[in-house]
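Colleague: Before we start, here is the structure in question, set down as structure tokens.
The values are calculated or read from the model by the stated rules, or taken from the named source; none is laboratory data. None of the values given here were measured: they were computed from a predicted structure. Neighbour counts are summed over all protein chains in view; Cβ atoms, including those assigned to glycine, are modelled from backbone coordinates with ideal geometry. These area figures cover heavy atoms from the full protein model, side chains too; ligands, DNA and RNA do not enter into them. Shrake-Rupley method; radii C 1.70, N 1.55, O 1.52, S 1.80 Å.
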Amino acid sequence: MHRPRLAFWAGLQAIAPILLGIVPFATIAGAAAVGAGLPETLALGLSVIVYAGASQLAALELVRQDAPVFVIVGTALIINLRFLMYSASLAPHFQALPLRWRSPLAYVLTDQAYAVSVSRFTDDAGISRGWYYLGAAVPMWITWQASNAVGVFLGAQVPPSWSLDFAIPLTFLALLVPALKSRPAVLAALVSAGVAVGAAALPLNLGLLLAAFAGIGAGLLADQHTRSS
Amino acid sequence: MLTGIGLLWLAFVLVGLGTYLLRFSFIGLSERAALPEGFKQGLRFVPAAVLAALVAPALVYDGTALGGWLVSDRLVAGLLAVLVAWQTRSVLLTLIAGMVGLWMLQWLA
């Protein structure tokens, strides 16, 4: 699938069901921003400047707790360290592209765009990767910013009793299950989940990093074990 | 709010810049940087490990305990979503099953 338009369309089709989960996620992020006392410009600006929902929600919670700036920045960056891993994983696929492509491609990198792209790229070597990735990442960016704006302006009008915030872990869960392609991957997920739950009380959200590394380590060990047996 | 708006703008710009650098890091390198083999093998487990770390605490800590057990409504709804994801391979059905499952558990409890 070398043709750009087909690849873009394929990316769009891949991200489309996930957008259903992005809408409540971004709306909640917008509502949380004004709920934390941010003026509307800053609430909208936050989503454009950072464009990373999990870290935005964590940062806003810290703002509500009057945490110092370095704690807010440190926690958010630690949560977003996973983008370094995603970047390393996707880089070989985008190597042939010029910098004017790779710079915006990097900006719209998200868990969701990453997950659908890396899965397709490993299965299908012929597809036009930049266009496929954009087909997933650009609609997601648009959906995110639009839903965030709705949350900013509607603010407190969404009842918490609807538990729409559950859509956030559900969106990640919907990406997690297809990623469990092998026994070592399942082990990686289980170990990571266990460590994340156990280390949840660590400051600066370090539990997330610890869990990710523990999970990767467990996956590598299981991998070596299955290879040597 | 003790943190002034100006400081918040600064904080968010710093987070934004830092996050972009993280995103750009390897993608921006035009050289085929020789990644060690172990590193490349480890990258394969990033989706599973990172996504699990994001999901698990939300299922365990954010829900309401069901009838005195340690298990929460969100955990059960989450497990239901996993089952649906596994069987149907449909993101849409997974989201619907999880939300409907949670609402039903909340309504019944």
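Colleague: Residue by residue through the stretch A:162-210, note down the ones that are among the basic types (Lys, Arg) and either crowded, with 17+ Cβ neighbours inside 10 Å or part of a helix (DSSP H, G or I) (or both). First the steps, then the outcome.
Modeller: Keep residues of the stretch A:162-210 that are among the basic types (Lys, Arg), which gives A:181, A:183.
Passing the criteria: only A:Arg183.
Colleague: Here are A:Gly11, A:Gly74, A:Gly53, A:Gly30: which of them is surrounded by 18 or more Cβ atoms within 10 Å (Cβ to Cβ) and over 28 Å from A:Ser117 (Cα atoms)?
Modeller: Working: A:Gly11 fails: over 28 Å from A:Ser117 (Cα atoms); A:Gly53 fails: over 28 Å from A:Ser117 (Cα atoms); A:Gly30 fails: over 28 Å from A:Ser117 (Cα atoms).
After applying the criteria, what remains is A:Gly74.
Colleague: Moving to a separate point now. Somewhere in the stretch B:51-63, is a residue more than 7 Å from chain A (Cβ to nearest Cβ), at negative phi and out of contact with any Asp or Glu (no Cβ under 9 Å at 6 or more places or on another chain)?
Modeller: Filtering the stretch B:51-63 for residues more than 7 Å from chain A (Cβ to nearest Cβ) gives B:62-63.
Filter again for at negative phi, leaving B:62-63.
Pick out the ones that are also out of contact with any Asp or Glu (no Cβ under 9 Å at 6 or more places or on another chain) and you get none.
There is no residue in the stretch B:51-63 that is more than 7 Å from chain A (Cβ to nearest Cβ), at negative phi and out of contact with any Asp or Glu (no Cβ under 9 Å at 6 or more places or on another chain).
Colleague: Return yes or no: is A:Gly198 at the interface with chain B (Cβ under 7 Å from one of its Cβ atoms), more than 16 Å from the chain's Cα centre (by Cα) and farther than 25 Å from A:Ile18 by Cα?
Modeller: Details: at the interface with chain B (Cβ under 7 Å from one of its Cβ atoms): no; more than 16 Å from the chain's Cα centre (by Cα): yes; farther than 25 Å from A:Ile18 by Cα: yes.
In short, no.
Colleague: Just give me the residues in the stretch A:131-161 being within 15 Å of the chain's Cα centre (by Cα) and open to solvent by less than 10 Å² (accessible area, probe 1.4 Å), in sequence order.
Modeller: The answer is A:Tyr133, A:Ala136, A:Ala137, A:Met140, A:Trp144.
Colleague: As an exercise: evaluate A:Val116 against (1) touching a Phe, Trp or Tyr at 6+ places or on another chain (Cβ under 7 Å); (2) surrounded by 21 or more Cβ atoms within 10 Å (Cβ to Cβ); (3) of a type outside the set (D, E, K, R); (4) facing chain B (nearest Cβ under 10 Å) and give the number of the one condition it does not meet.
Modeller: Of (1) touching a Phe, Trp or Tyr at 6+ places or on another chain (Cβ under 7 Å); (2) surrounded by 21 or more Cβ atoms within 10 Å (Cβ to Cβ); (3) of a type outside the set (D, E, K, R); (4) facing chain B (nearest Cβ under 10 Å), only one is false for A:Val116: (1).
Colleague: Can you tell me which residue in the stretch A:33-50 is nearest to A:Ser147 (Cα to Cα), limited to those that are open to solvent by less than 20 Å² (accessible area, probe 1.4 Å) and more than 9 Å from chain B (Cβ to nearest Cβ)?
Modeller: A:Ser47
Colleague: With the requirement that a residue be more than 7 Å from chain B (Cβ to nearest Cβ) and either part of a helix (DSSP H, G or I) or closer than 26 Å to A:Ile142 by Cβ (or both), what does the stretch A:56-71 give you? Lay out the reasoning, then the answer.
Modeller: Looking only at the stretch A:56-71, we keep the residues that are more than 7 Å from chain B (Cβ to nearest Cβ), and these are A:56-58, A:60-62, A:64-65, A:67-68, A:70-71.
Passing the criteria: A:Gln56, A:Leu57, A:Ala58, A:Leu60, A:Glu61, A:Leu62, A:Arg64, A:Phe70, A:Val71.
Colleague: Report yes if some residue within the stretch B:66-73 is within 27 Å of A:Ala188 (Cα to Cα), touching a strand residue (DSSP E or B) at 6+ places or on another chain (Cβ under 6 Å) and more than 9 Å from chain A (Cβ to nearest Cβ); otherwise report no.
Modeller: yes
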